[in-house]
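This report refers to the structure that appears directly beneath it.
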Amino acid sequence: MLPTPLELLRAFPGFRLVALTFFSYAVCDNDPYDGVSISVVIRRPGARGSHALELLDAMRRRNFHAHVLALPVTTEIARVRGVYGYQLPKWRTQIDVRIGADVRAHVAGPSGAPDLSR
């Protein structure tokens, strides 16, 4: 359930959009860690009219609005600072991000088995 007044952007009737963003913080103030942003794409604030036209416009502008549902991270300090310092939905799990000529990433679920891979 989304907070009011947020509304999911419908790509097509019955279909919604999810955004995944993988991060690898090699240098930061709370030690190196990897993270993932799991978000749902929402309508632009105040938007009215066709969802399809709004989606096409967002794609043309390469600018989307999203609501973050989860921010898994690899270290306890990143989780604690995110949850208590910024009230972010962070939790700790194993994440493997490899950024080179190709980008490879996977997020482990509670059992340790891959939950999400790319």
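Read-outs: derived from the displayed coordinates by stated rules, not from any lab. This one's a predicted model, so the numbers in the text were calculated from it and none came from an experiment. In this analysis, Cβ positions are derived from the backbone assuming ideal geometry, glycine residues included, and neighbour counts consider all displayed protein chains.
Pulled fully out, how much extra length does the chain show between MET59 and ASP115, if you take 0.36 nm times their separation in residues and subtract their Cα-Cα distance?
Extending this stretch completely gives an extra 17.4 nm.
Take every pair of alpha-carbon atoms less than 8 Å apart whose residues are at least six positions apart; their mean separation over the length of the stretch 10-117 yields a relative contact order of 20 percent. When VAL80, VAL103, VAL41, VAL36 are arranged by Cβ crowding within 10 Å, least crowded first, meaning fewest neighbours, the order is VAL103, VAL80, VAL41, VAL36.
What FRET efficiency would be calculated for the residue pair ASP31, ALA52, taking the C-beta separation as r and a Förster radius of 25 Å, to the nearest 0.05?
0.05
222 nm [θ] for the chain, helices only, -39500 (n - 2.57) per DSSP H run of 4+, per residue, to 500?
-3500 deg cm²/dmol
Summing charges over neighbours of GLY82, with a neighbour being any other residue whose Cβ is under 14 Å away from its Cβ, gives 0 when K and R count +1 and D and E count -1. Sequence-ordered 3J(HN,Hα) estimates for the stretch 22-30 from the Karplus curve with 6.51, -1.76 and 1.60 and θ = phi - 60° stand at 9, 10, 10, 8, 6, 10, 7, 6, 10 Hz, glycine and proline given as x.
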